[in-house]
1. How large, in percent, is the carbon and sulfur part of the accessible surface of the chain at a probe radius of 1.4 Å?
2. Run the 1.4 Å probe and let me know the accessible area of Val159, rounded to the nearest 10 Å².
3. Which longest run of the chain has no exposed loop site in it, a site being trypsin sites (Lys or Arg not before Pro) in a DSSP loop with at most 10 other beta carbons within 10 Å, and the site itself not part of the run?
4. Quote the FRET efficiency, to the nearest 0.05, computed for Met102 versus Lys27 with a Förster distance R0 of 41 Å and r equal to the Cβ-Cβ distance.
5. What is the extension gain from Lys163 to Ala20, computed as 0.36 nm multiplied by their sequence separation minus the C-alpha to C-alpha distance, in nm to one decimal?
6. Select one label from (i) -1.03, -1.09; (ii) -0.80, -1.04; (iii) -0.90, -1.18: the one whose number is log10 I(q)/I(0) by the Debye sum over Cα atoms at q = 0.15, 0.17 Å⁻¹ as derived from the coordinates shown.
7. Tell me, what is the 1.4 Å probe accessible area of His156, in Å² to the nearest 10?
8. Hey, what number do you get for the chain at 222 nm if only DSSP H runs of n ≥ 4 count, each worth -39500 (n - 2.57), divided across all residues, to the nearest 500?
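The values are calculated or read from the model by the stated rules, or taken from the named source; none is laboratory data. These figures come from a predicted structure and were not determined experimentally. All Cβ positions, glycine included, derive from the backbone under ideal geometry; neighbour counts span all protein chains shown. Heavy atoms of the whole protein, side chains included, go into the accessibility calculation; ligands, DNA and RNA do not. Shrake-Rupley method; radii C 1.70, N 1.55, O 1.52, S 1.80 Å.
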Amino acid sequence: MHKTVYLVRHCQATGQEPQAELTEKGKEQAKELMRFLEKRNIKHIISSPFTRAIQSIQPTAERLGLQVEIDSRLAEEKLVSKNLKDWLERLEESIRDIDLKMAGGESSREVANRGMEVLETATDGTVLATHRNTMGLLLMKIDGMQGIKEWASLSHPDVYEVKVRKDSYYVRRIWG
């Protein structure tokens, strides 16, 4: 099977909670993203249920006359059930040990696997709108992204083009 799928990290948002909306700058970024993506052969859009991801891709959907399909497998990683002051250190641990699972959270392997389920079933010309952790873990799995340094360099928004040819992935950053 040959297909091209676009991994999109959401635009700048007001926070990390699921209902966090885009900032004014994020709304402008969403318009820029729309202008960038409208030149590609987009046929399908799937988004995380988080407001910031939906708002980031909605202008593109409207311009192209497409519906945004919501898929919870693209949601942000739930690292732990409570807020942590040392969350970055805990995140680094979860990247080094992909099976590490903190209280009430998910392992990095679980997040990558649920994201891969969506990527594998996506059709040619699909946009997957997601979050930094989910996107980074997918890129680690399919393209060998090494960890926290590359994770930290993901921008608002960010776009990777993933070409799937048989069982091989060809990945390139096309925004960011």
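1. The nonpolar share, carbon plus sulfur, comes to 47 percent.
2. 0 Å²
3. That gives 86-165 as the longest site-free run.
4. Rounded to the nearest 0.05, the efficiency is 0.75.
5. In short, 48.4 nm is gained.
6. Step by step, log10 I(q)/I(0) by the Debye sum over Cα atoms at q = 0.15, 0.17 Å⁻¹ for this structure corresponds to label (ii).
7. 70 Å²
8. Working: 6 runs with 69 residues, N = 176.
Value at 222 nm, helices only, nearest 500: -12000 deg cm²/dmol.
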